[in-house]
Each structure stands twice: as C-alpha cells, then as structure tokens.
Amino acid sequence: MTSNPNLKRRVRARAAKTGESYAAALRQVRSAPQADTAPQADTAPEVTPVRLATAQVVVRGDPRDCGQLRHSGRDVRELMRAAHRAGARIIHFPEGATCSPHKRIMSVTGPAEVGPADWGRADWQVLRAELTAIARLAGELRLWAVLGSVHPLTAPHRPHNSMYVISDRGELVTRYDERLLSRTKLSFMYTPGSGPVTFEVDGLRFGCAMGLEVHFPEVFAEYERLDVDGVLISTGPGQSSGGTAAFATQAQAHAATNSLWVSFAMAAQHSVAAPAGTIAPDGRWAAQCPADGNPAVAIADIDNRLPSIDIAVAKARPWRRLARAGAYDAHLVSDDRSDDRGAF
C-alpha cells in the first residue's frame, strides 16, 4: 500500500469512477500514459495534515437586535484568534453563529403563534458589517472560516439558512444553503438550497451540511461519492438540549459508515449534552470542546496518513463503493438450498 496521499487521492478518484478495486485502480494510475509525470507523483510532497478548529459559540436569536448581532460577531472573532494561536488552518462554526432566530421571533403574527417570517425587520446592515469584519480578520490571520448565517434573497423570497466559506485571504469563496429544512423552516422561514458544496484547503476537500441534515444518511453518502475527506456539519440551538446527544451520535455513525472526517459544530448553550468536536473516519472523537456551556474550540489534525485512518479511507471506502455498486452480483448462484428459506 502506497504511503503517498497524493497518489492515493488519484487512485480513489479512479476507483470511484470506474468501480475498480483499489489495487486495480492503483495499477492503472501507475501505468498511465503520462509516464513522465508518474515517477514524480510517487515521490511528490505528501499532503500535510490540516489543523481544524471546531467551534461552539453562544448562538443568539434576534436578528432585529443590533447589539446581539455585534456581540455574536465579537464572539466569532475571539474564537478565530484562539484557533489561530493554536495553529489552525480552518475554523468551523455552528448554524446561526451570527444569529439563528427562533421561529416565533420573526413571525408577522407576533410571538404568540408561528406565522410567516417578516425578514424586513432584520438588521441586515449590521449583520453584513459583522460578516465583513469576520472576513477581514480571516485574511489577517490567514485562517479559513466556515460559519452559519442567514443569507438574504431578493424580496419577496425568504432567505437561505447558510454556511459561508471564507478563505484565508478574506474572500467569500462559496456558500452552502441548507437543503433538507424542517417543516417550520420550510413553511415560514427559509428558502431551501439546491445542491452540495465542496471546497479545498491545503489539498483536502470538505463538504458542508446543516441543521437537521445530520438525520439524513444520503447527505453524507453523497459527499463520499464526491470524494471529500471530511464533512462540516453546522447544527444549531433548537429549543432544548434534548436531541443534541442524538445528533452527535448520528454524526459519529456517518463518519464511520462513510470513512469521513466529520466536524460537528454546535451551539455552546447545548454543549453539556453534546460538545462540539471532530470525529475521525473510524467513528471516534478526535477532539471535543468542554461540556460546560461556554464558547470554545476543539483542535484536531485532519491526517489520513495515520495507520487506523489509512485503513478506513484507503481500504474501507473503496470496498464499500464496490459493494454498493453491485460488484458482488456476479457471485450470486441459483441453488435450491439457497432459495429454500424454510429448512436448516
């Protein structure tokens, strides 16, 4: 088994495309016509680990309140500085890190009942100023930042519930919009997104997911097919901590089932039930924040060269792809003993 992650990445991509075994894809890549570049590929510099900071931050719920928006912006920037001091290349925040309004706060009928959201009351100018300040700091710190926020659309369309991906140059490079919304979000608050989003940091590819999408295995399976190394799942405060522990357990299962790194960013106020952290491709927690309700970052090195991770990524993922693609159908047999399910 080669120890070169650059070569492995090309082999995995070929195996995913052709359905070949990892070994067969490896032979084809090594014997490809671009022979003059193949030897260099085998000795090329390896992809270095990417240090990830997964954040839990207090999520505030009223986008009409400029004081709350500014406080959230300051909290985000404070954790960015902490991540930078820890040597992180990327920091990942929960859903609604700048604001995540409760369904009753924005209701046109008032807080007594749930109704269509009146987003005209949100202080978009202050929110945009805080996001601009966050992007500026990302450029100063040379730190990628991925954070949840509300993204306005042209009236009368409702906004997206989004994750902004800001590069280490302080530039907004892409945005993920939550697709599988809750019934209330879909009926009264947000416009759903339309597709998956991926981006790369130092040679590693990440996908984005939000909110209740942790309940949907197909979201993570889709990103596995897109050959990401990890998925950043930003989930939010909800109404209580009751379901938070289940969210974390599901995130662990998705990591192990798909051999993916999963960053689980959660509101700090629910960290007592399930703190934010990073899950390795074998399903174990690689790092977690304190379970004390306070803002914090958990630091983990995303490194596929570790022996246990290498097995999960380089062996388990190709094997699962073959099994899911029906590669074993050729081994089925027609046998009366096989068809008779009423006998020992």
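The values are calculated or read from the model by the stated rules, or taken from the named source; none is laboratory data. This structure is a prediction, so every number in the text was calculated from the model and none was measured. Cβ coordinates were reconstructed from backbone atoms using ideal geometry, including for glycine residues, and neighbour counts include every protein chain displayed. Ligands, DNA and RNA are excluded from the accessible area calculation, which covers all protein heavy atoms including side chains. Shrake-Rupley method; radii C 1.70, N 1.55, O 1.52, S 1.80 Å.
Based on the mean of other Cβ atoms within 10 Å per residue, sort peptides 320-327, 138-145, 265-272 so the most packed one is first.
Values: 320-327: 13.4, 138-145: 19.9, 265-272: 25.0.
Descending mean neighbour count gives 265-272, 138-145, 320-327.
Take the alpha carbon gyration tensor of the stretch 142-224, find the square roots of its eigenvalues, order them as a ≥ b ≥ c, and report rounded if a/c is under 1.5; if not, report prolate when a/b exceeds b/c, else oblate. Judged from the Cα gyration tensor, the stretch 142-224 comes out oblate (a/c at least 1.5, b/c at or above a/b).
Run the dipole for the stretch 204-287 about the Cα centre, Lys and Arg Cβ at +1, Asp and Glu Cβ at -1, nothing else charged, and hand back the magnitude in debye, nearest 20.
Working: 3 positive and 7 negative charges, 45 e Å.
About 220 debye.
Kindly identify the stretch 64-221 as rounded, prolate or oblate by the Cα gyration tensor criterion: order the square roots of the eigenvalues as a ≥ b ≥ c, call it rounded if a/c is under 1.5, otherwise compare a/b with b/c, prolate if a/b is larger, else oblate.
Working: a/c = 2.19, a/b = 1.36, b/c = 1.61.
Cα axes put the stretch 64-221 in the oblate bin.
A full extension of the chain between Arg85 and Ser182 corresponds to an added length of 31.2 nm, given 0.36 nm per residue minus the alpha carbon distance. Sorted on the mean count of surrounding Cβ atoms within 10 Å across their residues, most packed first, peptides 226-233, 151-158, 303-310, 82-89 read 226-233, 82-89, 303-310, 151-158. Over the stretch 259-313, accessible surface divided per residue gives 32 Å², non-protein components excluded, 1.4 Å probe. Taking amide hydrogens as placed 1.01 Å from N in the peptide plane, the amide H of Ala286 sits under 5 Å from those of Thr278, Ile279, Ala280, each at least 5 positions away in sequence or on another chain.
Can you tell me which of 69-79, 48-58 comes out highest on packing, and rank the rest after it, using the mean Cβ neighbours within 10 Å?
Going from most to least packed, we get 48-58, 69-79.
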